[in-house]
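Asks: Have a look at this one.
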Amino acid sequence: MVHEILYRPSFSLLKISLAKGEVITAEAGAMVSMSSGIAIETKMKGGVWGALKKSVLGGESFFVNNFRANEAGEIAFAPTMPGDMAFIELKGQTVYAQSGAFIASSPEITVDTKWGGAKTFISKEGLFLLKISGTGKLFVSSYGAIHEVILAAGQKYTVDTGHMVCFDETVHYEVKRVGGLKSTLFSGEGLVCELTGPGRIMLQTRSEDAFLSWLIPQLPHKSS
């Protein structure tokens with residue numbers, strides 16, 4: 001399996017070349033194009049309960065697609081939002097990702113959900129993170145470009161919840177308010193993630209929630 005990410009960072013396209021017999025698993029709706037020798041199988045990953053958890057709690061599609069190369073060929077994927085994609089090689093490791101970040105992976109990779117903590121009840125980004133584990137290739141997407149930060153042991157870093165893409169399992173994650181209550185309500189920042197190393201974190205340079213907060217007031221409304 002050979003991959004290439006094209007047209008980054010704004011309009012990324014993931015192109016994967018599959019040898020005969022190789023399989024790639026992808027989020028439903030992510031496929032852009034594929035060779036004629038590649039077959040598709042749609043299924044509920046992790047059974048009914050596992051698929052339901054990822055759909056209702058993790059913001060992912062109820063179904064995933066397995067693409068199998070009956071003969072050598074290529075397949076292309078793209079995220080819903082304009083932005084970047086990143087490749088992560090997992091070697092028996094776990095990463096946590098925001099809802100919607102998963103694009104594709106080796107079929108051996110498992111995608112589950114993780115409780116994000118009580119404070120995420122009032123976080124606009126949701127209650128649950130995706131827990132992605134195993135050995136193989138993982139591809140994640142962002143809204144905007146991806147900015148990577150490497151944290152040393154004990155190093156703290158604060159990120160707006162809407163700008164998180166993913167982080168290593170070794171990174172401690174806690175949702176906090178920005179300053180006091182006044183800052184939380186009126187600073188425009190709301191809740192943030194305080195991350196403590198060691199490990200890698202990936203951020204996105206744009207926030208879907210911030211974009212919607214700007215866009216919705218601009219939309220025309222029906223007069224009464």
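Please treat every number below as a calculation from the coordinates, not as lab data. Since this is a predicted model, take the numbers as computed values, not measurements. Here the Cβ is made from the backbone with ideal geometry for all residues, glycine too, and neighbour counts use every protein chain on show.
Asks: Counting Lys +1, Arg +1, Asp -1, Glu -1, what net charge surrounds K91 among other residues with beta carbon under 13 Å of its beta carbon?
Replies: That sum, taken over residues with Cβ under 13 Å, equals -3.
Asks: Of K15/K131; K15/K43; K176/K222; K20/K91; K43/K137, which ones are farther than 27 Å apart at the Cα?
Replies: Flagged as over cut-off: K176/K222.
Asks: Right, next: Using a simple spin-label model with points 7 Å from Cα along the Cα→Cβ vector, what separation in nm is obtained for T110 and E89?
Replies: Between T110 and E89, the simple spin-label model gives 2.4 nm.
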